[in-house]
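J.: Just passing along the structure, written as structure tokens.
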Amino acid sequence: MVIAQLDKFIQSLFTREASLLSLAAGKPPSLTIDGRATQLMDQRPTAVQVRRLVAEITPSDQQTELKGTGQAHFVYNSPGDRRVEVLVHDWGGETVVEIQPAGSGPPAPPPSMELELNAIAPPKLARGQVPARPAPAAVPPSPPAAVPALGMAPTHTPVAAPARSPTLGPQSSRGGNAIDRLFHRLVAEKASDLHLSSNETPMIRKDGDMVRLSGEAPLDTQQLFALLEPIIPATNRAQFEQESDTDFAYAIEGLARFRANLFRDRHGVGAVFRTIPAKIIPAEALGLSSAITDLCNLHKGLVLVTGPTGSGKSTTLCAMIDLINRTRSGHIITIEDPIEFVHENKQSLINQREIGPHTRSFKRALRAALREDPDVVLVGEMRDLETISIAIETAETGHLVFGTLHTTTAYSTVDRIIDQYPPDQQEQIRVMLSESLKGVVSQTLCKKVGGGRVAALEVLLVNSAVANLIREGKTFQIPSIMQTAKNVGMRLLNEALCELVANKLVLPEEAIAKAVDKAGLATALKSRGLG
């Protein structure tokens, strides 16, 4: 039997009872033992060398994908019946290999750890020369004890990859990490975000205001990173080392999921966690109007939910996707960064893909979705021109597409999309958008009287009159159409704010603070005796 060079490391993975073997370009191979990374050797293989090492054990049916995209996911039987799950992915141009036990194997003496780099060195290296070591990273690599949930079905047919929990997402906690205590406090306080900054007391955002957590001491950079380290997936650790920020998700079973952003600033390390409730709030409980829920009955077209960061776009979109999932028999694909709300299959089949672990980018996943027989596609964020173009193309080809944009009003969303295109293409995109855009829900969160927050929703439905204005480039006239079409469910933001004030859910000062047309709202409130 031919012994692959990685077999030596895999033997050590089992004999030392490690949970993870990690190889990355420019970094020493390491084992994760009891949650701590242990360096196996000083040598640091290049990207070419890492790829050649893993190519020796990659099944033939994945060799093409490995050479092309740098990705593979399979189960490998190492000599001695040591079965391992192998994940290969390309992150920031570097190959990362993560190997974890997929079964138990008999113990064996530890093999020699001297990696034969010269035998697989790229042609430019002289014989006997070892690649120069790069400068140490600002934060030393230390993968967590488990590979993040992959959500990818293996294509190597002889052995099936072990099942993973579909409910916990890419990184999760059952037994508990030290940071979990802060998440429990975050949920108990009914706050939306947890802010951790070096040399600062942990803070939460409650009802829109930043509040320091009582009884908590400030954390220096080392203390903060030690707190965060166990919950950062290995792929995100690599991205953080290269780019100084990364997004991932973390879940505590029975409590909630948390969308995380880890970053560096002038003080050191920082992180922000957004609470994603474990239980999906249905559209009925959110109080979404029939005009909004009717958009879920469409079979093709583009529906956008917009608003500033933290305005509740994800909650509204989740409720709309859940409504489709409960009432229609179809195939739903979501593309998110990271996965936020976790949906279970109900009437529909739903596949949730995350940027990073499951696909390289929104545009790549959106192009692939066209070949995956979807009825509904959710694009977590339409970030760039290419993603917007593919989303419109997908809507035009007979699919229902949901997406988000960071715009403050429904009608300005149309201008934002058109302005993304070069001037010579804008006339064409106006025509395409007038045919594919079906509705825009723009929302903002207001402080609620008595505590909590409530959403003010502006609703634009694209009828023939609105489509004609988009086509002719007269989007500035859309608000007047919305004002005269209340009977079909359209609503301006000022009207939604007036209603909240009239129902004594929001104070007039808060409504005016959140309004775009503040003077117009102040006049409307006075005319109704609410100002």
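The values are calculated or read from the model by the stated rules, or taken from the named source; none is laboratory data. All figures in this text were calculated on a predicted structure; none of them were measured in a lab. Virtual Cβ from ideal backbone geometry, glycine too; neighbours counted across all protein chains shown.
J.: Identify the single condition in (1) more than 30 Å from Lys514 (Cα to Cα); (2) part of a helix (DSSP H, G or I) that Val414 does not satisfy, given that it satisfies every other one.
T.: (1) is the only condition that Val414 fails.
So that you can scan it fast, the table gives a plain yes or no per residue for (1) among the basic types (Lys, Arg); (2) touching a strand residue (DSSP E or B) at 6+ places or on another chain (Cβ under 6 Å); (3) crowded, with 17+ Cβ neighbours inside 10 Å:
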| site | (1), (2), (3) |
| --- | --- |
| Ala455 | no, yes, yes |
| Glu458 | no, yes, yes |
| Val462 | no, yes, yes |
| Val466 | no, no, yes |
| Ile470 | no, no, yes |
| Glu499 | no, no, no |
| Ala513 | no, no, no |
| Gly520 | no, no, no |
| Leu525 | no, no, yes |
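This table checks each residue for (1) part of a strand (DSSP E or B); (2) small (Gly, Ala, Ser); (3) crowded, with 19+ Cβ neighbours inside 10 Å.
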| residue | (1), (2), (3) |
| --- | --- |
| Val211 | yes, no, no |
| Tyr250 | yes, no, yes |
| Phe258 | yes, no, yes |
| Ile292 | no, no, yes |
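Matching residues to (1) among the basic types (Lys, Arg); (2) closer than 17 Å to Ala249 by Cβ; (3) out of contact with any Lys or Arg (no Cβ under 9 Å at 6 or more places or on another chain):
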| site | (1), (2), (3) |
| --- | --- |
| Gly312 | no, no, no |
| Cys318 | no, yes, yes |
| Asn325 | no, no, no |
| Ser329 | no, no, yes |
| Glu340 | no, yes, no |
| Ser348 | no, no, no |
| Glu396 | no, no, no |
| Gly403 | no, no, yes |
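J.: Take the stretch 23-42 and flag every residue that is in contact with a Leu (Cβ under 8 Å, 6 or more places away or on another chain) and either under 24 Å from Lys67 (Cβ atoms) or not assigned by TED's automatic domain parsing to the domain that holds Pro79 (or both).
T.: Leu23, Pro29
J.: In the list Gly451, Gly531, which residue meets the criterion of being in contact (Cβ under 8 Å) with a residue 12 or more places away in the chain, on the phi > 0 side of the Ramachandran plot and not in a helix (DSSP H, G or I)?
T.: Just one listed residue meets the conditions, Gly451.
J.: On to the next question. Which condition does Lys27 not pass, out of (1) under 28 Å from the mean Cα position of the chain (by Cα); (2) assigned to a loop (DSSP other than H, G, I, E, B); (3) modelled with pLDDT of 85 or more, if it passes all the others?
T.: With respect to (1) under 28 Å from the mean Cα position of the chain (by Cα); (2) assigned to a loop (DSSP other than H, G, I, E, B); (3) modelled with pLDDT of 85 or more, Lys27 is out only on (3).
J.: I'd like to check something: does the stretch 344-360 contain any residue that is within 21 Å of Leu286 (Cα to Cα), in contact with a Ser or Thr (Cβ under 8 Å, 6 or more places away or on another chain) and buried (at least 19 other Cβ atoms within 10 Å of the Cβ)?
T.: no
J.: Here is a further query. Output the number of the condition that Thr413 fails; it satisfies all remaining conditions of (1) touching a helix residue (DSSP H, G or I) at 6+ places or on another chain (Cβ under 8 Å); (2) crowded, with 20+ Cβ neighbours inside 10 Å; (3) of a type in the set (S, T, N, Q).
T.: The failed condition is (1).
J.: Based on what the data block shows, is Leu53 out of contact with any Ser or Thr (no Cβ under 9 Å at 6 or more places or on another chain) and either assigned to a helix (DSSP H, G or I) or over 19 Å from Ile231 (Cα atoms) (or both)?
T.: So Leu53 passes the test.
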